[in-house]
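K.L.:
I am attaching a structure below and will ask some questions about it afterwards.
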Amino acid sequence: MSKIAVVPGSFDPLTNGHLDIIKRAARVFGDVRVAVMNNSSKNSLFTVEERVALIEEVTAIFPNVKVESSSGLLVDYAKSVEASVIVRGLRAVSDFEYEMQITSMNRFLDESIETFFIMTNNQYSFLSSSIVKEVAKYGGEISGLVPMQVEKALKKKYQIR
Ligand code: ADP
């Protein structure tokens, strides 16, 4: 039986770091669901629909990757798609404490769901959606940091040619 794994996140917007994690998860798990979490406490640049559409476009080449959105608890979403694994990316030590807290809480909520971590590719360890947005906002070069479709969408948002 192929395991269903959820790759959750805000993806505001998707970066090459995220994409690398999704790609590697898709090599290990038979069925990968990218879950765009609608976190009301975060001020997002892209709507959930825009984020889903961008990730769908970029991941269309992977037959075992599906993109969905969820506004509830991650463990509830995982249960609803019968996923037994949550996959998260780890960049630096700074990610560790936050991830540890979330993982412990998710285990408290549902201990049948296991969280797996994939270490970032070195070239993406300093890459985040926030830093990409900051650079894009002021017209800085972001090609190589995000997929082409995301670069286009960011330029459109910030009205940069
Ligand atoms: P969240 O708001 O849930 O942290 P993000 O969109 O920031 O959502 O990140 C989603 C997942 O991708 C997280 O597991 C995060 O650690 C991971 N991630 C983010 N950027 C990178 C990167 N450059 N390399 C590897 N993993 C990353």
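The values are calculated or read from the model by the stated rules, or taken from the named source; none is laboratory data. Quick caveat: nothing in here was measured; it's all calculated off a predicted structure. Glycine gets a Cβ as well: all are built from the backbone with ideal geometry, and neighbour counts include every protein chain shown.
K.L.:
From the set of residues in segment 135-161 that are of a type in the set (S, T, N, Q) and at pLDDT below 95, which is surrounded by the most Cβ atoms within 10 Å (Cβ to Cβ)?
P.N.:
Of everything passing the filter in segment 135-161, 143 is surrounded by the most Cβ atoms within 10 Å (Cβ to Cβ).
K.L.:
Check residue 106 against each of (1) modelled with pLDDT of 95 or more; (2) of a type outside the set (D, E, K, R); (3) surrounded by 15 or more Cβ atoms within 10 Å (Cβ to Cβ); (4) under 22 Å from residue 23 (Cβ atoms) and name the one condition it does not meet.
P.N.:
(4)
K.L.:
Residue 126 fails exactly one of the following numbered conditions: (1) at pLDDT 95 or above; (2) more than 14 Å from the chain's Cα centre (by Cα); (3) among the hydrophobic types (A, V, I, L, M, F, W, C). What is the number of that condition?
P.N.:
Checking residue 126 against (1) at pLDDT 95 or above; (2) more than 14 Å from the chain's Cα centre (by Cα); (3) among the hydrophobic types (A, V, I, L, M, F, W, C), the one that fails is (1).
K.L.:
What strands (runs of 3 or more DSSP E) lie completely within segment 1-109 and have 1 or more residues being in contact with a Pro (Cβ under 6 Å, 6 or more places away or on another chain)?
P.N.:
31-37
K.L.:
Looking only at segment 59-77, decide whether some residue is more than 14 Å from the chain's Cα centre (by Cα), aliphatic (A, V, I, L, M) and within 16 Å of the ligand (Cβ to nearest atom).
P.N.:
Within segment 59-77, one or more residues are more than 14 Å from the chain's Cα centre (by Cα), aliphatic (A, V, I, L, M) and within 16 Å of the ligand (Cβ to nearest atom).
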